[in-house]
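Input: a single structure, listed below in structure tokens.
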Amino acid sequence: ALKGVAANLGLSAIARHAGELHEALRGDDTQQQSIILNELKKSMTETLEIIRSIPGSSNESQVPCPEMHRETLLNKLYELENALRESDFTSTAIFNEIKPFLRVPPQLLLQLETDVSRFQFTQAIETLAQIKTAVHNCDMGGS
């Protein structure tokens with residue numbers, strides 16, 4: 001699906017890497033799969049950077065704030081961090097509870113979701129630290 005969507009949008013590098021990954025996943029060479037996956041991630045990151053550089057496509061200076069009260073969200077983020085530190089599998093449920101309220105850069109949200117779903121707790125804690133910083137720096141306006 002990713003290959004087709006990327007091709008339809010003219011994102012040839014992403015389409016190529018997605019196709020290569022699809023083929024690699026049919027085999028059992030996990031090292032090659034990992035290499036191709038990293039190339040796909042790099043292509044996707046580069047594409048997002050290009051899109052964000054287009055005037056009017058994003059406003060990095062104003063991070064949209066969560067709909068949940070910031071203090072409540074921060075408490076949940078600390079709860080998630082504690083669960084991750086304890087390698088507690090309830091971290092998945094906590095993440096799923098707060099995910100709709102996290103208005104952070106998409107690559108951070110995707111990275112945290114991937115880390116939590118794969119039970120990569122150490123990496124998830126590092127990503128979560130970046131998300132907490134974004135929430136702390138969020139201008140809450142009247143909230």
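Per-residue counts of other Cβ atoms within 10 Å, averaged by peptide: what ranking do you get for 29-39, 90-100, highest first?
90-100, 29-39
Evaluate the distance, in nm, between pseudo-label points positioned 7 Å from the Cα of E97 and of R52 along their respective Cα→Cβ axes.
2.9 nm
Within the accessible area of the chain, what % is carbon and sulfur when the probe is 1.4 Å and the other protein chains stay in place?
Working: 4850 of 9090 Å².
So the carbon and sulfur contribution to the accessible surface is 53 percent.
Before I look further, what does the chain give for accessible area per residue, probe 1.4 Å, in whole square angstrom? Let's see the in-between values first.
Numbers: 9090 Å² over 143 residues.
That works out to 64 Å² per residue.
Taking 30 Å as R0, compute the FRET efficiency from the Cβ-Cβ separation of R26 and E67 and round it to 0.05.
Working: r = 42 Å, r/R0 = 1.41.
So, using R0 = 30 Å, E works out to roughly 0.10.
Write down the radius of gyration of the stretch 1-41 and its Dmax, each obtained from C-alpha positions, in Å.
In Å, with Rg to one decimal and Dmax whole: 10.0, 30.
So how exposed is M44, as accessible area in Å² (1.4 Å probe, rounded to 10)?
The accessible area of M44 comes to roughly 70 Å².
With each run of n ≥ 4 DSSP H residues scored as -39500 (n - 2.57), what mean residue ellipticity at 222 nm is computed for the chain after dividing by its residue count and rounding to the nearest 500 deg cm²/dmol? Present the calculation step by step, with values, prior to reporting the outcome.
Values: 7 runs with 98 residues, N = 143.
Value at 222 nm, helices only, nearest 500: -22000 deg cm²/dmol.
For H136 and E86 in one chain, what is 0.36 nm times their gap in residues minus the Cα-Cα distance, to one decimal in nm?
Working it through step by step, the gained length comes to 15.6 nm.
If R0 is 25 Å, what FRET efficiency do you get for T114 and A7 from their C-beta distance, rounded to 0.05? If you can, show how the numbers build up before the last one.
On the way: r = 24 Å, r/R0 = 0.95.
Taking R0 as 25 Å, the efficiency between T114 and A7 is 0.60.
Dipole of the chain, Cα-centred, from +1 at each Lys and Arg C-beta and -1 at each Asp and Glu C-beta, to the nearest 20 debye? If you can, show how the numbers build up before the last one.
Values: 13 positive and 19 negative charges, 61 e Å.
I would put it at about 300 debye.
Holding the Cα-Cα limit at 25 Å, pick out from K3/K42; K41/K76; K3/K76 the pairs that are longer than that.
Result: K41/K76; K3/K76 exceed 25 Å.
The values are calculated or read from the model by the stated rules, or taken from the named source; none is laboratory data. All values reported here derive from a predicted model rather than from experimental measurement. For neighbour counting, all protein chains shown are included, and Cβ atoms are generated from backbone atoms with ideal geometry for every residue, glycine included. Ligands, DNA and RNA are excluded from the accessible area calculation, which covers all protein heavy atoms including side chains. Shrake-Rupley method; radii C 1.70, N 1.55, O 1.52, S 1.80 Å.
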